[in-house]
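The values are calculated or read from the model by the stated rules, or taken from the named source; none is laboratory data. This structure is a prediction, so every number in the text was calculated from the model and none was measured. Quick reminder, even Gly has a Cβ in these numbers, built from the backbone with ideal geometry, and neighbours come from all protein chains shown.
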Amino acid sequence: MKTAALPQSTVEETIRRIEQEYESLSKQLQAIARYVEKNRDHIGIEGIREFAQQCGVQPSAVVRFSKRFGFSGFSELQAMFRENLSRQLASGSSYTARIRNAITSESHSPSHVEVAKDFLEQSIVGMQELQDSMDLSAFQNAVELLTKTDCVWIAASHRSFPIAAYLEYALQHTDKRVILVDTMSSMRMGQMHSVRKGDVMLAISFLPYAEETLVVARNAVERGAHLVAITDSGLSPLAQLANEALVAHENTSSGFRSLCSAMGLAQSLFVALAYSLELSGQSPHYPHFAGSLPVHVN
């Protein structure tokens, strides 16, 4: 395989194949798959030993993984990612790399102001990555599911809960029935008895993936609801259950993960839904809702 002739979509095609075959992989290969999915911009510059160490496996497992997905070895797999990264840099998409380099190059203990700036910069990185990598087809399908349904369920807990609270508030400005699942008590399974076929469950969870959210999501799917997931990986257990998975990679600064990308994604989802409802004549025409949208949309 000649890397110079690789189409730009090859990395994305490889990631999709990894996601499709993830459940059939051994635990070691699953660890590699998770790292590849979340760190694709790093793979082109890491040696096999460093790569294996990051995945918590032996280099031989990395070679097996590469061959499993049609490459002669790690070097060929790496060449594909390196070529893809080179195209991104050449097209002016090096903003993420520049910010990361600036942050990691600090050799002194940062001041309070520097810590704050680093955190905000990492949040900007996450938003830029979201804009560049968002699955447009999954987003469009998620909006269509929400437009068609009469009832939206929302489930999240722990650090994901603020996103669920925002979505409940925003969706109350539509004429949908909106139910925020009580994932913080034993009442949630009682609520699940009211889920009906054709409802939509919006479930939000990030590593290490709250078990209570996963239980609710599984139960909703078993009852015939459509599942739209907001999560941090196409390989997450929530994404594996979902009809549509919207992925937001959250960057970390000083040990804290940002919520900016996920919240931005949730807000984008609602705004797109609001336009869809307005254009389809389903807007409730509350003054605070309908008045916020332009009368004519080209």
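Just give me the residues in segment 137-155 being free of Cβ contacts under 8 Å to residues at least 60 places away in the same chain and either small (Gly, Ala, Ser) or assigned by TED's automatic domain parsing to the domain that holds residue 12 (or both), in sequence order.
Of everything in segment 137-155, just one residue is free of Cβ contacts under 8 Å to residues at least 60 places away in the same chain and either small (Gly, Ala, Ser) or assigned by TED's automatic domain parsing to the domain that holds residue 12 (or both), namely 137.
When both residues are 6+ apart or on different chains and their Cβ atoms are under 7 Å apart, which pairs have a first residue that lies in segment 34-53 and is closer than 12 Å to residue 74 by Cβ and modelled with pLDDT of 85 or more, and a second that is part of a helix (DSSP H, G or I) and of a type in the set (Lys, Arg)?
none
So residue 33 passes all but one of these: (1) buried (at least 18 other Cβ atoms within 10 Å of the Cβ); (2) in contact with a Pro (Cβ under 9 Å, 6 or more places away or on another chain). Which condition number does it fail?
Of everything listed in (1) buried (at least 18 other Cβ atoms within 10 Å of the Cβ); (2) in contact with a Pro (Cβ under 9 Å, 6 or more places away or on another chain), residue 33 misses just condition (2).
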